[in-house]
Amino acid sequence: MANQTKGFTRVIKAAGYSLKGLKAAWVHEAAFRQESVAAIIAVIIAFYLDVSYIDRLLLISSVVLVAIVELINSAIESVVDRIGSEYHELSGRAKDIGSAAVFLTIGLAIFIWVIVLWQRYCIN
């Protein structure tokens, strides 16, 4: 059996791989950069809004979820591109489905922001 890292060393190595992945996404994925900047701005705005803790949590988690789904989509695209550059229906489908996941997540984030802001500033 190969020498496997265990315990705290494994956690440290896993964190390093995660940071490497974030750096790769930042360097190679324009959509991730754009969504990350938008998320940072949205998080800052969320802290200045006069909303409940639960509403603030919803606002922040919705934009962070966009970044998470974008990372997964970018990983799918990288794997598909690694397989080959020629068109294949399943490769195109995988990329389209990943893109749809990002699209729906952005729609969800916008919906949450509209509902929270509407409830706070238009109804009261």
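Structure notes:
- In plain terms, if you count all Cα to Cα distances in the chain and split them into 5 Å steps from zero, the share in each step is 2, 10, 15, 16, 14, 14, 12, 9, 5, 3, 1, 0, 0 percent.
- Entry comment: accessible area of segment 30-123 is 67 Å² per residue, from protein heavy atoms only and a probe of 1.4 Å.
- For segment 53-124, the fraction of alpha-carbon pairs lying more than 15 Å apart is 61 percent, rounded to a whole number.
- Accessible-area composition of segment 30-123, carbon plus sulfur, in percent [1.4 Å probe]: 72 percent
- Between ILE83, ILE68, ILE40, the Gaussian network model of the chain with springs among Cα atoms under 10 angstrom shows the greatest mean-square fluctuation at ILE83.
- Cα centroid separation - segment 59-82 against segment 83-104, whole Å: 13 Å
The values are calculated or read from the model by the stated rules, or taken from the named source; none is laboratory data. Note that the structure is predicted; figures quoted are calculated from it, not measured. Protein only, heavy atoms only, side chains kept; ligands, DNA and RNA dropped before computing areas. Shrake-Rupley method; radii C 1.70, N 1.55, O 1.52, S 1.80 Å.
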